[in-house]
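Worksheet: one structure, shown below.
Only the coordinates and a few stated rules stand behind these numbers; no lab work does. Nothing here was measured: the structure is a model prediction, and the numbers come from that model. Neighbour counts run over all protein chains shown; Cβ positions are idealised from the backbone, glycine included.
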Amino acid sequence: MAAVIEARALGYGYPDRPVGRDLGLELAAGDVLCVLGPNGGGKTTLFRTLLGLLPAQAGTVLLEGQALAAMPRGAIARRLGYVPQGHAAQFAFTVSEAVLMGRTAHVGLFAAPGAADREAAERAIRTLGIGELAARAVTELSGGERQLAMIARALAQGARALVLDEPTASLDFGNQVRVLREIRRLAAEGYAIVFSTHDPGQAFLAASRVLLLAQGGALRQGTPAEVITAENLRAVYGVEVRVDTVAGMRVCTPVL
Amino acid sequence: MRGRTVYAYALALGALLLLTAFAFAVGRFPLAPGELAALAANKLFGAGYAVAPTAETVVMQVRGPRILAALLVGAALAAAGTAYQGMFRNPLVSPDILGVSAGAALGAVLGIFFSQSALVIQLGAFAGGLAAVAVVYAVGANVRRHDPILALILAGIVIGTLLGSMIALLKYLADPYNQLPAITYWLLGSLAAVAPADIALAAPFALAGLVPLYLLRWRMNLLSLSDDEARALGVPVGRLRFAVVCAATLMTAAAVAISGIIGWIGLLIPHAARLLIGPEFSRLLPLSMVLGAAFLLAVDTLSRTIAPIEVPPGVLTALIGTPFFLWLFAVSRRTWQQ
């Protein structure tokens, strides 16, 4: 089966400031890629390149086997759902209205969403179990609730792949667990998922693969057990970390 | 939400109808409701009631055009303001943020300065408004590496200030007995001198601006997201923003050309509408237009009736608008966040 998201010899960044180069990625349905790296390590730049928001500096990105560079916006949106980092709600749209915006690429330029779009949005809201929030204003939601609403919006896009930019950032412990649980559940349903995080332990919990970015674009990629080692984390973050197995789970503990 | 929307529309349309009837009735030559009804029946359904010729002249030649102009200008400014507040993701934005009013003012002031006819002054205002926004947009679009929204707003402020200083210079040079009062009067805004021909000239442009806003009414919601979010959801943000700027500028320039500068409506009315039924643009736009039309009609009716001389509506909108805005500011924390 063809990869849902594929990157070949990808160079990303800006013409005068390359951020990373020669990256190869291949995600099939059900794969979860966790992207780790220090602040300013290029996680968001990589995601913007995968989403076609920033042109690739070298190489190609393929979505479901087709070259991203040749696709119009709508075609990308139908293949790749996006959950932005910290959606800043300016206006008090209700959750159902906000999720419905995920249907944009399925709605004609001059049209309004139809019954099928409303159905898709409602389905996405039900999938995330946030039905009771549907009539609430996004500006009134807590960070965790808003993150779930944004994941619902990405599902409403009708894509088979999702990109989540630091979906657990600034969430409390319970909401972090809830978001990770959703990531695992969606992967089990056949979504290909890329997410970034600052907590290497989350890779063991939710990811099948890890991409470790370092300042200057040095990359390591593999299974969580291969990539998340005390040595690699020290090289990337500059701090001492112990990686142990506790009750059958790998955990990372910083050494203070 | 749906019940609330129906309720808000019923209330706003009811208020607009009542206000319109009231505006036809009051003034230096008051008309009785019976007279008005008879005249309306004659004109609309070809009934043959006897109506005093003076009453007919007052309604058809004096009050009619003025009321129509108030409705047109109010609705156009409110629509443009609604579009801009959504697009700039900022509820404190008004239609003149990109310099359309400053450009129109310079165009009109130039016309007055060179003693041109009323028609040329109007055309000057219209062309000046369009030209100012074109320059602002070109500057904003060519400043790369900055947030495009910020670049647009900064370019608008800078060029607006430049135009303002040119207007000040022309005022300083103008003949203080003939031209200066005319300039001041234009800058305060007024519907007193609107003739049917002016409306016939402005209305097509205002409509041409409204059509794209109406067609894009649902998609407009996406512009209130960050650029990356909207693009990731499939919206070519740059092109959509360009279309909205063109549409809103056309509407504002057409309105300002016949009314002069009337502030507050484009800032205040979208707020009020959003408070009533929320930010969803396809619901918000029509309500905003109805409220804008009603508000300017109320203000203009006041301006010609509360005192023996006309109080410029540009003065009254701010006098009424300021307390209302401050009140909104205090209570509206929940409809938007900074």
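Let me know the shape class of the range A:93-180, please: from the alpha-carbon gyration tensor, a ≥ b ≥ c as square roots of the eigenvalues, rounded when a/c is under 1.5, otherwise prolate if a/b is greater than b/c, or oblate. Before the final figure, lay out the partial values.
Working: a/c = 2.15, a/b = 1.64, b/c = 1.31.
Cα axes put the range A:93-180 in the prolate bin.
State whether the range B:57-150 is rounded, prolate or oblate according to the following rule on the C-alpha gyration tensor (a ≥ b ≥ c being the square roots of its eigenvalues): a/c under 1.5 gives rounded; otherwise a/b larger than b/c gives prolate, and the remaining case gives oblate.
Details: a/c = 4.21, a/b = 1.51, b/c = 2.78.
Taking the square roots of the gyration eigenvalues as a ≥ b ≥ c, the range B:57-150 is oblate.
Taken along the Cα-to-beta-carbon direction at a fixed 7 Å, the label points for residue B:309 and residue B:57 span 2.6 nm. Largest GNM mean-square fluctuation across A:201, A:20, A:40, computed for chain A with C-alpha springs under 10 Å, falls on A:40.
Remark: B:144, B:219 ranked as B:144, B:219, counting other beta-carbon atoms within 10 Å and listing the fewest first. Eigen-decomposition of the gyration tensor built on the alpha-carbon atoms of the range B:88-200 gives equivalent ellipsoid semi-axes of 29, 16, 12 angstrom, largest listed first. When B:24, A:91 are arranged by Cβ crowding within 10 Å, least crowded first, meaning fewest neighbours, the order is B:24, A:91.
Is the protein assembly as shown rounded, prolate or oblate when judged by the Cα gyration tensor, a ≥ b ≥ c being the square roots of its eigenvalues, rounded requiring a/c under 1.5 and prolate requiring a/b larger than b/c? Taking the square roots of the gyration eigenvalues as a ≥ b ≥ c, the protein assembly as shown is prolate. Here the residues B:252, A:104, B:57, ranked from fewest to most Cβ neighbours within 10 Å of their Cβ, fall in the order B:57, A:104, B:252.
Backbone phi angles across the range B:148-156, fed through the Karplus curve with coefficients 6.51, -1.76 and 1.60 (θ = phi - 60°), yield HN-Hα couplings of x, 5, 4, 4, 4, 5, 5, 4, x Hz in residue order; Gly and Pro are listed as x. When shorter helices are ignored and each DSSP H run of at least 4 residues is given -39500 (n - 2.57), the per-residue value for chain B at 222 nm works out to -24500 deg cm²/dmol.
With chain B treated as a Gaussian network of Cα nodes joined by springs under 10 Å, which of B:160, B:234, B:189 yields the largest mean-square fluctuation? Result: B:234 has the largest fluctuation of those listed.
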